[in-house]
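Right, one structure below, let's go through it.
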Amino acid sequence: MSIWNWADRYSPTVDPGFQVTLGEGQTACVRSRRIGPALGIKHLYFKLESTNPSGSYKDRFAALAVSHMLQRGQSTCIATSSGNTGAALAAYCAAAG
């Protein structure tokens, strides 16, 4: 599964032939054992976004951005980043070819 399971909710839409994926999304939710109880919140959960392909929640953005780029016929991606955005974009651009 990936973020593309909900592609019909994105605007503008991306044609399935241009959808780039590395399996991002569907990250697990884990229940807080300490913070929730300390705050009096019985059901507090955290997403494990580090289990995305590049280790960041920014994979979700990168998959969509690179897919839109391809659909518009663009073959070059230029971005500045000192961290996770750059890693995610590099991974998805490489996957796109």
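Residues in the range 13-31 that are touching a His at 6+ places or on another chain (Cβ under 9 Å) and assigned to a loop (DSSP other than H, G, I, E, B): Val14 only. Name the residue that is surrounded by the fewest Cβ atoms within 10 Å (Cβ to Cβ), counting only residues in the range 1-49 that are modelled with pLDDT of 95 or more and aromatic (Phe, Trp, Tyr). Here the answer is Tyr45.
Filtered by the rule that a residue be in contact with a Phe, Trp or Tyr (Cβ under 6 Å, 6 or more places away or on another chain) and buried (at least 19 other Cβ atoms within 10 Å of the Cβ), the range 50-95 gives Ala62, Ala63, Val66, Ser67, Leu70. Picking from residues in the range 1-12 that are part of a loop (DSSP other than H, G, I, E, B) and among the polar types (S, T, N, Q), the one that is farthest from Ala90 (Cα to Cα) is Ser11. Of the helices (runs of 4 or more DSSP H) lying entirely inside the range 35-97, the ones with 2 or more residues being free of Cβ contacts under 8 Å to residues at least 24 places away in the same chain are found at 35-39, 84-96.
Of all residues in the range 1-17, those that are farther than 11 Å from Gln71 by Cα and among the aliphatic types (A, V, I, L, M) have Cβ atoms under 9 Å from Cβ atoms of residues that are part of a helix (DSSP H, G or I) and at pLDDT 90 or above, 6 or more apart or on another chain, in Ile3/Asp59; Ile3/Arg60; Ile3/Ala63; Ile3/Leu64; Ala7/Pro16.
The values are calculated or read from the model by the stated rules, or taken from the named source; none is laboratory data. These figures come from a predicted structure and were not determined experimentally. A quick note on method: Cβ atoms are made from the backbone with ideal geometry, for glycine too, and the neighbour counts reach across all protein chains shown.
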